[in-house]
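> Structure provided below as C-alpha cells; questions to follow.
Any read-out appearing in this document is the output of simple, stated calculations on the displayed coordinates, not a laboratory observation. For clarity, every value in this text was computed on a predicted model and none was experimentally measured. Every residue, glycine as well, gets a Cβ built from its backbone with ideal geometry; the counts of neighbours run over all protein chains shown.
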C-alpha cells in the first residue's frame, strides 16, 4: 500500500489507542452498566456511598429528649406535641458539641405558618385555630404573650 | 420396550409435564407482587395525604437545611403548592419561595409582584399539595443524561453524581414534573433524593420528620407489611402525570384533577 494512505491511518490508530489508554486511567473502576442496564443503570457506583455519607442534621425529638426531657414532657401534654423541636429550635446536628447553641426561630412568621387563618375546607388548615395577622396585634411577636410550649390560653404570659 | 409401554410412558410424561409448577406450590400473592420485575428487596415509595397538609412549609424549611440548598435562593428540592378554585371555575395556584415560609395570607401570588385576594365566599375548593421528586421507575431525566451522571440506584432512588455532572441541563428539561434545578453552589443538577443519607440509615426523610400532621410518609413498597405499602395497595391513591409512562413512586391521597 502507498505511504500517503498508510501514514495517516497509523496516526488515527495511534490517536484511538491514546484515547483508550487515557480512558483506562481516567474512568473510575466502578463506572459502568449496572442492574438496570444502559438506559437507567449507567453510572459510577461509588457515588451511592458518597450520598450516604452526607451529614444528618435533623436528629428528631427522641434525640432532644435525651437531655431536655422536662421540656419534651411539658410540650407533649399540649396540641403542639406533634411539632418537632427542631422545627423552631433549628437542626441539632451534633448539639451540644456542634453547635453548642441552637438558633431559635421565635418569629411571628413561624407561628403564622399554621395560625394565620385560611378558610380552606378539605385541607387540614381550616381546623386549626387561627387569627387574622393584620388585625390580631399586628407587628408584635406572638411569644410576647403566648408560650409555644404551653399554647393554651392558661399558658399566657 | 414394546409399543404398548412406549405409548403409556409417553402419555404419562406429557401429562406430568403439563402440570404447571404453580399447581404444586403455594404462592402468596403479596410475595409475588414484591418479587415482580426484579429481585430487589427495597424500593422506596412516598405517600402524600393532601387532606392533612395545612401549607405550613416546615417540610421545605427542613429540606433546605438538611440538604444544604442555599436558604435564600429561589430553588428547592421540595415545595408545597396551593390551589384555589373559585365558584366561577377559575383555578389559581402558587408556591411563593417554594412555600419555605408557609402560606400566611389568602392573597395568591400571581408572580411579577402581583397578588390577587380571593374572597372567602368565592372559594369553591382550596387545598395544598406537597411536591417532590417522584423517583420514577422509568426516569426520563436519567435517559437523557449524556454522561451517566444521573442514575437509578438499586433501591429505585434517582441520584445525581456531582463529580460527573457536566451541567448541560438536559435532565432539567427532561423532567415532566419540574423537580430538577441547578445547585447554586455546586453548579450541577440537583434534585430530591428522598434524603438518601437518612433513609439508608433507617431514618425518615427530613420533610417526613418535620411534618407535624403526617401529610408526608415514606416506606418500602417491596415490603408487604410496611404500613405505607398497605395504604398504597388498599386505598385510593393517585399519581401525577400518569400519561407520561414514567411510573412515579410518589402516591397522593386526595389528588384533584386540577393538580398539574
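> Can you give the mean number of other chain Cβ atoms that lie within 10 Å of the Cβ atoms in peptide B:199-212? Don't jump to the answer; show the numbers that get you there.
Details: counts 1, 6, 2, 0, 4, 2, 1, 7, 1, 0, 7, 7, 4, 10.
If you average over the peptide's residues, the count of other-chain Cβ atoms is 4.
> Test of understanding: express the Cα radius of gyration of the protein assembly as shown as a ratio to 2.2 N^0.38 Å, with N the residue count. Present the calculation step by step, with values, prior to reporting the outcome.
Details: Rg = 27.6 Å, N = 417, 2.2 N^0.38 = 21.8 Å.
Rounded to two decimals, the normalised Rg is 1.27.
> Given springs between every Cα pair under 10 Å in a Gaussian network model of chain A, which of A:62, A:45, A:94 has the largest fluctuation?
A:45
> Moving on to the next point. For region A:85-157, evaluate the Debye formula with one uniform point scatterer on each Cα (no solvent term) and list log10 I(q)/I(0) at q = 0.12, 0.16, 0.20 Å⁻¹, rounded to two decimals.
Here the Debye-derived log intensity ratios amount to -0.43, -0.70, -0.94.
> Helix B:3-18 versus the longest principal axis of chain B: what is the Cα-based angle in degrees, 0 to 90, to the nearest 10?
Taking Cα atoms only, the helix is inclined about 10 degrees.
> Another question, if that's okay. Using the 10 angstrom Cβ neighbour count as an exposure proxy, how do B:127, B:182 rank, fewest first? If you can, show how the numbers build up before the last one.
Values: B:127 24, B:182 16.
Neighbour counts put them in this order, fewest first: B:182, B:127.
> Please arrange B:47, B:240 by counting, for each residue, the other beta carbons lying within 10 Å of its beta carbon, fewest first. Working shown, then result.
Numbers: B:47 24, B:240 19.
Ordered from fewest to most neighbouring Cβ atoms within 10 Å, B:47, B:240 come out as B:240, B:47.
> Same structure, new question: Could you tell me what a quarter of the Cα convex hull surface of region A:60-105 works out to, in nm² with one decimal place?
On the way: hull surface 12.2 nm².
Result: a mean projected hull area of 3.0 nm².
> Here is a follow-up. Is there a simple number for the mean count of other chain Cβ atoms within 10 Å of the Cβ of residues in A:78-91, and what is it? Intermediate values should be presented prior to the final figure.
Numbers: counts 0, 1, 1, 1, 4, 6, 7, 0, 8, 9, 1, 0, 2, 6.
The shielding value for this peptide is 3.
> Over region A:106-157, what is the mean sequence separation of C-alpha contacts under 8 Å (at least six apart), divided by residue count, expressed as relative contact order in percent? Before the final figure, lay out the partial values.
Numbers: 45 pairs, mean separation 16.0, N = 52.
Over region A:106-157, the number comes to 31 percent.
> OK, next. What is the Cα centroid distance between region B:101-137 and region B:171-200, reported in whole angstrom?
Measuring centre to centre over Cα atoms gives 23 Å.
> Kindly state, to the nearest 0.05, the FRET efficiency for residue B:5 paired with residue A:49, given R0 = 56 Å and r defined as their beta-carbon distance.
Given R0 = 56 Å and the Cβ-Cβ separation, E is 0.30.
> By how many degrees, 0 to 90 and rounded to 10, does the Cα axis of helix A:3-26 deviate from the longest principal axis of chain A?
30
> Hey, any idea what the orientation-averaged projected area of the convex hull of chain B's Cα atoms comes to, in nm²?
About 20.8 nm², averaged over all directions.
> Report the FRET efficiency, 1/(1 + (r/R0)^6), for residue B:122 and residue A:103, where r is their Cβ-Cβ distance and R0 is 56 Å, rounded to 0.05. Write out the running numbers ahead of the final one.
On the way: r = 41 Å, r/R0 = 0.72.
It comes out at approximately 0.85.
> Working from the alpha-carbon coordinates of chain A, get Rg over Rh, Rh being the Kirkwood radius.
Details: Rg = 30.1 Å, Rh = 21.9 Å.
Rg/Rh: 1.38.
> Rounded to the nearest 500, what is chain A's calculated 222 nm mean residue ellipticity when only DSSP H runs of at least 4 contribute -39500 (n - 2.57) each, over all residues? List each step's numbers first, then the result.
Values: 7 runs with 61 residues, N = 157.
Value at 222 nm, helices only: -11000 deg cm²/dmol.
> Can you give the mean number of other chain Cβ atoms that lie within 10 Å of the Cβ atoms in peptide B:51-62?
5
> Of B:221, B:231, how do they rank once you tally other Cβ atoms within 10 Å and put the fewest first?
On the way: B:221 21, B:231 17.
The fewest-first ordering by Cβ neighbours comes to B:231, B:221.
> Calculated from DSSP H runs of 4 or more alone, at -39500 (n - 2.57) each and per residue, what is the 222 nm mean residue ellipticity of chain B, nearest 500?
Details: 8 runs with 59 residues, N = 260.
For chain B, the value works out to -6000 deg cm²/dmol.
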